[in-house]
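Participant: I'd like to ask some things about the structure below.
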């Protein structure tokens, strides 16, 4: 018997597919005594680990000059939602090289979706919400 | 109801509790177990239930004879457990994970993973010797093992290097987190001795259950 098939999971429908290099906004519930609030953590996904209840992803951001990496479990009840702000194009599964870089060197090229550009007709409709997300990020 | 069962360790994983904390769990396949013998105080001097687990083809004649006519199949492992009410069990009865329920506390017994011949540092958490100050070959040594002319020998039981692991290990008062009666699986909090696939005895813990429950977290 395989252990992980025994633990039934409620499918999380509000979590998009996350891949390394993406810039994501993670809404995470924080409990402070009796109060519960939602904290947003925005940064670059530096790694994704898949495996049923073990599934998690790591997000890196630099705040006040300090690099912060947080790992979020996809099936955690505290994970409220994940928004993809930007799809990044990277050639590695784990972006540990970002740790040694700062400023402009940490930029990641945006992913050009080949499937979309070849079928322009449908892409035009789908592109619209992505463009909104981008402008939000720049402000 | 019977107080324990024979189980097989499936492996470890984790679950999230309502607070969103990760709880490490071990899954134990609890059966199907069968009652192979009921021992009573009148006949055997004490009350107990003998339970069998795991179907096998390789039994010797004595084992076959013991199980003959009991409609329990050829069972590899037989162990005795205490029972709350002797009249509630009968030979041939099938027992499963529903003996336990979430929130119970259980004691588990298993055979720990064999570690082979190990030094004192790993086996007894000795500190080892200093790495510097002119030391050359004492990094993981045990240090002194005895006194001087009196007593002139090393005391019995002195901790030294030797075989480690592969012995019976009990772990007490593990909380049952979840029970899956359909698949006959019990999930207990924390680790359980032994390798995956190892045979585990799981028994309700009588003593502490109540006291711990009142101070239990989450």
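Participant: Please indicate, with yes or no, whether at least one residue in the stretch B:86-95 is part of a loop (DSSP other than H, G, I, E, B), within 18 Å of the chain's Cα centre (by Cα) and modelled with pLDDT of 90 or more.
Facilitator: no
Participant: Now, a different point. Among the listed residues B:100, B:105, identify the single one that is away from chain A (no Cβ under 14 Å), modelled with pLDDT under 95, closer than 30 Å to residue B:34 by Cα and in contact with a helix residue (DSSP H, G or I) (Cβ under 8 Å, 6 or more places away or on another chain).
Facilitator: Answer to the check: B:105.
Participant: Looking at the stretch B:57-71, can you tell me whether even one residue there is within 30 Å of residue B:189 (Cα to Cα) and touching a strand residue (DSSP E or B) at 6+ places or on another chain (Cβ under 7 Å)?
Facilitator: no
Participant: Within the stretch B:13-33, work out how many residues are part of a strand (DSSP E or B) and either closer than 30 Å to residue A:36 by Cβ or at the interface with chain A (Cβ under 7 Å from one of its Cβ atoms) (or both).
Facilitator: 10
Participant: Something else about it: For the stretch A:69-82, which positions are assigned to a strand (DSSP E or B) and more than 14 Å from residue A:24 (Cβ to Cβ)?
Facilitator: Result: A:73, single match.
Participant: For the stretch B:37-51, check the following and say yes or no: at least one residue is in contact with a strand residue (DSSP E or B) (Cβ under 9 Å, 6 or more places away or on another chain) and within 14 Å of another protein chain (Cβ to nearest Cβ).
Facilitator: no
Participant: When you scan the stretch A:80-99, do you find a residue that is within 14 Å of chain B (Cβ to nearest Cβ) and at pLDDT below 90, even just one?
Facilitator: The answer is yes, given that some residue of the stretch A:80-99 is within 14 Å of chain B (Cβ to nearest Cβ) and at pLDDT below 90.
Participant: Pairs needed: first member in the stretch A:2-13, facing another protein chain (nearest Cβ under 7 Å); second member anywhere, part of a loop (DSSP other than H, G, I, E, B) and at pLDDT 80 or above; C-beta distance under 7 Å; at least 6 residues apart or different chains.
Facilitator: Listed by first residue and then by second, the contacts come to A:4/A:51; A:6/B:183.
Participant: Something else about it: On the basis of being surrounded by 11 or more Cβ atoms within 10 Å (Cβ to Cβ), away from chain B (no Cβ under 13 Å) and part of a strand (DSSP E or B), does residue A:57 make the cut?
Facilitator: yes
Participant: Taking the stretch B:37-53 only, how many residues are in a strand (DSSP E or B) and touching a helix residue (DSSP H, G or I) at 6+ places or on another chain (Cβ under 6 Å)?
Facilitator: Final tally of qualifying residues: 0.
Per-residue answers, yes or no, for (1) within 14 Å of chain B (Cβ to nearest Cβ); (2) surrounded by 11 or more Cβ atoms within 10 Å (Cβ to Cβ); (3) closer than 29 Å to residue B:178 by Cβ:
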site: A:22; (1), (2), (3): no, yes, no
site: A:41; (1), (2), (3): no, yes, no
site: A:44; (1), (2), (3): no, yes, no
site: A:50; (1), (2), (3): no, no, yes
site: A:76; (1), (2), (3): yes, yes, yes
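Participant: Can you tell me which residues in the stretch B:152-188 are away from every other protein chain (no Cβ under 14 Å), outside any loop (DSSP other than H, G, I, E, B) and surrounded by 15 or more Cβ atoms within 10 Å (Cβ to Cβ)?
Facilitator: Scanning the stretch B:152-188 gives B:164, B:169, B:171, B:173, B:174, B:175, B:176.
Participant: Which condition does residue A:71 not pass, out of (1) more than 10 Å from chain B (Cβ to nearest Cβ); (2) surrounded by 12 or more Cβ atoms within 10 Å (Cβ to Cβ); (3) modelled with pLDDT of 90 or more, if it passes all the others?
Facilitator: (2)
Participant: On to the next question. Taking the stretch A:101-120 as the search range and keeping residues that are more than 17 Å from residue A:86 (Cα to Cα) and not in a helix (DSSP H, G or I), which one is modelled with the highest pLDDT?
Facilitator: Restricting to residues being more than 17 Å from residue A:86 (Cα to Cα) and not in a helix (DSSP H, G or I), the top hit is A:101.
The values are calculated or read from the model by the stated rules, or taken from the named source; none is laboratory data. No experiment lies behind these values; they were computed from the predicted model shown. Glycine also receives a Cβ, built like all others from the backbone with ideal geometry; neighbour counts cover every protein chain displayed.
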